[in-house]
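Peer 1: I have a structure I would like to understand better, so I am pasting it below and will then ask my questions one at a time.
The values are calculated or read from the model by the stated rules, or taken from the named source; none is laboratory data. Worth saying up front: this structure is predicted, and the values here are computed from it rather than measured. So basically every Cβ, Gly included, is an ideal-geometry build from the backbone, and we count neighbours across all protein chains shown. Side chains are part of the model used for accessible areas, which takes the heavy atoms of the whole protein and leaves out ligands, DNA and RNA. Shrake-Rupley method; radii C 1.70, N 1.55, O 1.52, S 1.80 Å.
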Amino acid sequence: MDVFEIILGTYESFVIGVKCRFKSQKSKDLELVQSFNDHVHQASIRSVSCSSKYMASSSTDETIEIYNMIRRCHVHTILQHSGTVTSLAFTPDESHLISTSEDGSIAMFETGTWKLKKLWDKAHKGSAVSFLAVHPSGKLALSVGKDKTLRTWNLVKGRPAYTTNQSSMSAYYFFDNIIWSPAGQYYGLPLNTKLMIFNVETAGIACTIEDNHKIHGVTFITEHLVCYGSENGTLHCYDIINKESVWEIKIGDTRVKCLIKVDSRLVTALSDGLVTVWELNDSKKPIESCSLFLDCRITCICNNSLRKSKMVKDESDEEAEEVKDDTIIGTNIPNKTQNIKRKLPIEDIQNNKRKLPINGVKNNKLKPTIKKKKSLSNNWKVSENV
């Protein structure tokens, strides 16, 4: 029985699915198994984001790839940006996908049709946009860029609200991540060895967490408890109200690249490919539940278990989805349609430590990106337990 599924992006340009499941129907022990891997991108993955039906991935190859996670197939390619697509985010109501890029733009696409609905071509005065995070309410979003500003966007009216200059906080480093608390009362901005937590109501800094090593993955496990991983492989939990450390544990020798909270569990991903599930227990140290070594360098993570809490039809109940032959934004779309009724190839997974196939590519040195039309990918590889 599956408990949840996470999606991982890697430097080797793979998008990988990993499922957490019970070992048997009578067992309470959990295990991690690879559910699929796809190699549609031509360069390292920068961001992954999931809705209840779709998963989107972006890369330094300047493309956004869309997957139908119910049918388990690649359905669309977006070629809007002319630079690395740095972040992706679905709005809470799943009506739109928002992307940011080093070309200085922020784009908003309609979910399902993937048509461009809004474009801020100089969102940060032409500077590269590093990251965007949507507030849990869906009414506003925050973005950071290499112009050293934090910008607030009114998503209801579709326009910028105000700008905060952050250049005084660091002369050498840029913000490249934003993390909202579950209720949206706080947000965190990691900056090298510091993690600054801001209060939305007061518009000021609630607390500043300082570490001896660079801070990477960050997530809120409650509204007032924030968890972060550092360069030396240590996992920390900090109480932003009492302004004190709650616990810290050493989980590896390499950087804790990504963190994500899934229900009552915490998932960590080290940059060397080790993925671990931890059982959270209030303010006590988490207990390791299971782990999986992917033998690749992980860059980003998202939760693909959202559809469990939404009324989404099962794949067997859905009719064949119609997709246009040309699924690339910005080109003419012919009238002819085709049905997607592909069965994905099955591949046994012999053990947890394995080399990922690269679909005919002899090594991971990739050629420069050439923008061109892409057909539907047929190279998904899935486990026999999907």
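Peer 1: For 61, 239, what's the largest-to-smallest order of accessible area, 1.4 Å probe?
Peer 2: Output order, biggest surface exposure first: 239, 61.
Peer 1: Can you tell me which of 296-305, 179-188 comes out highest on packing, and rank the rest after it, using the mean Cβ neighbours within 10 Å?
Peer 2: Highest to lowest by the protection proxy: 296-305, 179-188.
Peer 1: Follow-up question, since we're still on this one. Summing +1 for each Lys or Arg and -1 for each Asp or Glu, what net charge is found among the other residues whose Cβ lies under 9 Å from the Cβ of residue 271?
Peer 2: Here the count lands on +2.
Peer 1: In terms of modelled amide H atoms, which long-range or inter-chain residues lie less than 5 Å from the amide H of residue 140?
Peer 2: 135, 155
Peer 1: Same structure, new question: Would you mind pulling out the separation of the Cα centroids of the range 151-184 and the range 8-43, in Å?
Peer 2: Between the Cα centre of the range 151-184 and that of the range 8-43, the gap is 32 Å.
Peer 1: Ok, one more. Determine the equivalent ellipsoid of the range 1-103 by diagonalising the alpha-carbon gyration tensor, then write out the semi-axes as square roots of 5 times the eigenvalues, largest first, rounded to whole Å.
Peer 2: That gives 28, 15, 11 Å for the three semi-axes.
Peer 1: According to a simple spin-label model (label point 7 Å from Cα along Cα-to-Cβ), what is the distance in nm between residue 165 and residue 285?
Peer 2: About 4.6 nm, to one decimal.
Peer 1: Taking K and R as +1 and D and E as -1, what net charge do the other residues with C-beta under 10 Å from the C-beta of residue 110 add up to?
Peer 2: +3
Peer 1: Beyond 16 Å, how much of the Cα-Cα pair distribution for the range 55-124 remains, as a whole percent?
Peer 2: Of the Cα pairs, 43 percent sit more than 16 Å apart.
Peer 1: Further, regarding this structure: Quick one: what does P(r) look like for the range 87-236 with 5 Å bins over all Cα pairs, in whole %?
Peer 2: Spelled out bin by bin, the range 87-236 gives 2, 9, 18, 22, 20, 15, 9, 3, 1, 0 percent.
Peer 1: On average, how much accessible surface per residue is there in the range 89-230, in Å², for a 1.4 Å probe, leaving out ligands, DNA and RNA?
Peer 2: 44
Peer 1: What ³J(HN,Hα) values, in whole Hz, does the Karplus curve 6.51 cos²θ - 1.76 cosθ + 1.60 give for the range 262-267 when θ = phi - 60°, with x put for Gly and Pro?
Peer 2: 10, 6, 9, 10, 10, 10
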